[in-house]
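Down below is the structure, laid out as structure tokens.
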Amino acid sequence: MRQFTAQNADPAEIVDELLNGKGAVRLTGLFSDAAIKEAREIIHAYSAEADKVAHFQGKAAEEGTFHLQRRVWNLLAKGSVFSDMAAHPVLMNILRKFLGTEFIMGSIAANRIMPGGPGQEPHVDYPYWDMYKQETHPIGLNSSFPMNAQVSILLDPFTMETGATAYMPGSQKELRYPAEADNFYDHCERMLGDPGDVALFYGAAWHCAMPNTSQIDRSAVLINYLPKWVKPLEDMPAALPDGFIDAASDDLKQLLGLNYPYPEVLDTAQAGNTIGRT
Ligand SMILES: O=C(O)CCC(=O)C(=O)O
């Protein structure tokens, strides 16, 4: 994975690597130790108990180890540190070039894999996540333009032992769900890094969390970004505390989709004067 710092993160170079190169880059120096510690503590507090619903299907569900993999959704409502992460100026700058200047956020959640957690199966991310039902997507859909960007902010050391995310370099160029015959585990590379590092990748690249065989927790903040016209995964505005939106920065309002209000009632009798909009 190519590595960039907060100082030399050139959007054009990074966008080229995401589209035409390996599909993932590492960014360092964006977040302070204090921010990472605060985020980690909040996530641990919210995931002290296992989910009652298993969000992890497949192997983890079969082995009964899903309780060692915990998800915390709707992070914006759980601490201002997460708003600062989502709207970090270096990320905004790159993502404006990648997804269009008015891009939005699809979700912000944490993935915590505890010692013994089995990891995930190789997959692609929203809105491509169910590409195994290819016929439900438009004919000819391809990855020549991105409808997704993923940011993982590492809160713990991501090593081979802790279960650092695995990905198949270049697989983002061929938009489809990974198959057994792809031998993902024989060809994958790992998104290794230290707490505070960011793995930024195009979620059309096949990837997955790997088993945590270490004695320590492995958590990351996962942020999904989308072009302005893709329906977000989480309904974040509906789940925020009173006053949050009024106090939000312009960038955060954009990320919440508030600058691009569709669908709207456009029937003039219902919604007032809409002349000029169609
Ligand atoms: O936590 C990870 O390493 C990757 C998580 C992921 O790909 C997902 O939950 O979709």
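Taking amide H positions as placed 1.01 Å from N in the peptide plane, with prolines and chain starts having none, which residues 5 or more places from residue 4, or on another chain, fall under 5 Å of its amide H?
Residues meeting the amide H criterion: 26, 27, 28.
Apply the Karplus curve 6.51 cos²θ - 1.76 cosθ + 1.60, θ = phi - 60°, to the phi angles in region 141-158 and return the couplings in whole Hz, x for Gly and Pro.
Per residue, the Karplus-derived 3J(HN,Hα) values read 4, 9, 9, 5, 10, x, 10, 6, 9, 10, 10, 10, 9, 6, 9, 9, x, 9 Hz.
Which pairs, out of 22/228; 22/231; 97/173; 133/173; 37/97; 133/253, put more than 23 Å between their alpha-carbon atoms? If you can, show how the numbers build up before the last one.
Values: 22/228 25 Å; 22/231 27 Å; 97/173 18 Å; 133/173 19 Å; 37/97 30 Å; 133/253 33 Å.
Violating the 23 Å Cα-Cα cut-off are 22/228; 22/231; 37/97; 133/253.
Check which residues have an amide H placed less than 5 Å from residue 206's amide H, if you skip close sequence neighbours.
168, 171, 172
Return one number: the angle in degrees, 0 to 90 and rounded to the nearest 10, between the long axis of the Cα atoms of helix 33-46 and the longest principal axis of the Cα atoms of the chain.
Between helix and principal axis, roughly 90 degrees.
Starting from the amide H of residue 219, placed 1.01 Å from N in the peptide plane, find each other amide H under 5 Å away whose residue is 5 or more places distant or on another chain.
Under 5 Å from the amide H of residue 219: 113, 155, 156.
Gap in Å between the Cα centre of region 197-245 and the Cα centre of region 1-17?
20
With θ taken as phi - 60° and the coefficients 6.51, -1.76 and 1.60, list the Karplus ³J(HN,Hα) couplings across region 78-93 in order, rounded to whole Hz; mark glycine and proline as x.
Karplus values, whole Hz, x for Gly and Pro: 10, x, 5, 4, 6, 5, 5, 5, 4, 9, 4, x, 5, 5, 4, 5.
Stretch residue 101-residue 229 to full length: gain in nm at 0.36 nm per residue minus the Cα-Cα span?
Values: separation 128, 0.36 × 128 = 46.08 nm, distance 1.20 nm.
The span from residue 101 to residue 229 would gain 44.9 nm if fully extended.
Report the gain in length on full extension from residue 247 to residue 185: 0.36 nm times residue separation, minus Cα-Cα distance, nm rounded to one decimal.
Result for the pair: 17.8 nm of gain on full extension.
Based on DSSP, what percent of beta bridges with both residues in the chain are antiparallel, to the nearest 5?
Close to 90 percent.
Take each of the peptides 215-225, 136-146, average the number of other beta-carbon atoms within 10 Å over its residues, and list them starting from the highest.
215-225, 136-146
Quick one: length gained pulling residue 44 to residue 7 fully straight, 0.36 nm per residue minus the C-alpha distance?
Contour length minus Cα-Cα distance gives 10.2 nm.
Mind checking the angle between helix 11-20 and the chain's longest principal axis? C-alpha axes, 0 to 90 degrees, to the nearest 10.
So the helix axis and the longest Cα principal axis differ by about 70 degrees.
Coordinate-derived values only; no laboratory data. Everything numeric in this text was worked out from a predicted model, so none of it was measured. All Cβ positions, even for glycine, are placed from backbone atoms using ideal geometry, and neighbour counts span all protein chains on display.
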